[in-house]
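These notes concern the structure reproduced below.
The values are calculated or read from the model by the stated rules, or taken from the named source; none is laboratory data. Being a predicted model, the structure only gives us computed values, none of them experimental. Cβ sites come from the backbone with ideal geometry, for glycine too, and all protein chains shown count toward neighbours. The protein model used for the area step is the full one, side chains on, heavy atoms only, and it has no ligands, DNA or RNA in it. Shrake-Rupley method; radii C 1.70, N 1.55, O 1.52, S 1.80 Å.
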Amino acid sequence: TPSDAFQRNPQVGFNFSANESATFECSKDNEAFASCISPLSLSIADGPHNFQVRATDLAGNIGDPARFDWVTDFVSPVLSFGNITPAQGLSSARSLFVEFSSNEPSDFTCALDSQDLTPCASPFTAPVLSEGQHVFRAQATDRAGNKSTIAQAIWDFDFTAPIVSLG
């Protein structure tokens with residue numbers, strides 16, 4: 001049986017039994033009930049699914065079906081950047097601001113420079129304490145555990161004013 005409401009596996013298995021001798025009928029995705037036996041393995045596509053199983057005892061009594069609903073998600077989320085301040089490239093700004101989102105409900109992890117990705121939310125803000133290149137990275141993880149590619153924004157910060165000389 002799937003362990004939660006979101007799955008990444010294209011194969012799902014079900015084990016079922018009744019409290020007395022019975023035959024079983026199963027239905028996947030609201031199709032007509034058909035004879036089945038436990039354990040049952042199903043190949044499934046991306047998207048929402050349901051599985052129902054019902055038992056018929058030796059006297060012909062049909063029990064209420066047991067039902068499980070879940071979503072199979074094989075597709076990774078797509079992380080997008082929104083407003084990025086300052087614009088990527090050369091900058092003398094002393095702080096940065098990055099908005100990001102995903103095309104589906106997701107949790108996010110972020111990091112600045114060589115830090116490890118840690119949980120975060122949009123917008124990400126941070127002071128810029130040193131000159132040189134700084135890299136912001138973000139990744140989205142959907143409810144099924146699929147991860148987006150890591151998106152990044154890159155700046156080259158320069159705080160040193162030019163020195164003018166005559167001569």
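Some values worked out for this structure:
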{"item": "Longest DSSP-loop-exposure-free segment, trypsin sites (Lys or Arg not before Pro), the chain, at most 14 other Cβ within 10 Å", "result": "9-93"}
{"item": "Per the chain, cysteines lacking a partner by the 4.7 Å Cβ criterion", "result": "none"}
{"item": "Radius of gyration and maximum dimension Dmax of region 1-71, Cα, Å", "result": "12.5, 40"}
{"item": "Distance cut-off 14 Å, percentage of C-alpha pairs in region 100-157 lying past it", "result": "54"}
{"item": "Distance between region 68-138 and region 148-162 - C-alpha centres, whole angstrom", "result": "13"}
{"item": "Computed magnitude of the charge dipole of region 1-119 (debye, nearest 20; Cβ of K, R +1, Cβ of D, E -1)", "result": "180"}
{"item": "Whole-percent carbon and sulfur share, accessible surface of region 99-155, 1.4 Å", "result": "50"}
{"item": "Overall form of region 125-167 per C-alpha gyration tensor (a/c, 1.5; a/b vs b/c)", "result": "prolate"}
{"item": "Selected from Gly132, Gly167, Leu96, residue furthest toward positive end of dipole (the chain; charges at beta carbon)", "result": "Gly167"}
{"item": "For the chain, accessible area per residue (1.4 Å probe, heavy atoms of protein chains only), Å²", "result": "60"}
{"item": "Positive dipole terminus of the chain, leading residue within Thr141, Val12, Ser35 (C-beta point charges)", "result": "Thr141"}
{"item": "Order of exposure, largest accessible area first, which applies to Ile37, Ile62 with probe 1.4 Å", "result": "Ile37, Ile62"}
{"item": "Highest-fluctuation residue, Ala111, Ala93, Ala138 considered, GNM on the chain with Cα pairs under 10 Å", "result": "Ala93"}
{"item": "Region 56-96 - Rg and Dmax from Cα coordinates, angstrom", "result": "28.0, 83"}
{"item": "Diffusion constant of region 39-167 at 37 °C, which comes from Stokes-Einstein with the Kirkwood Cα-pair radius and 0.692 mPa s, µm²/s", "result": "176"}
{"item": "Relative contact order computed over the chain (Cα-Cα under 8 Å; 6+ residues apart), in percent", "result": "19"}
{"item": "Total charge dipole magnitude, region 1-53, about the Cα centre, Cβ charges on Lys, Arg, Asp, Glu only, Debye to nearest 20", "result": "120"}
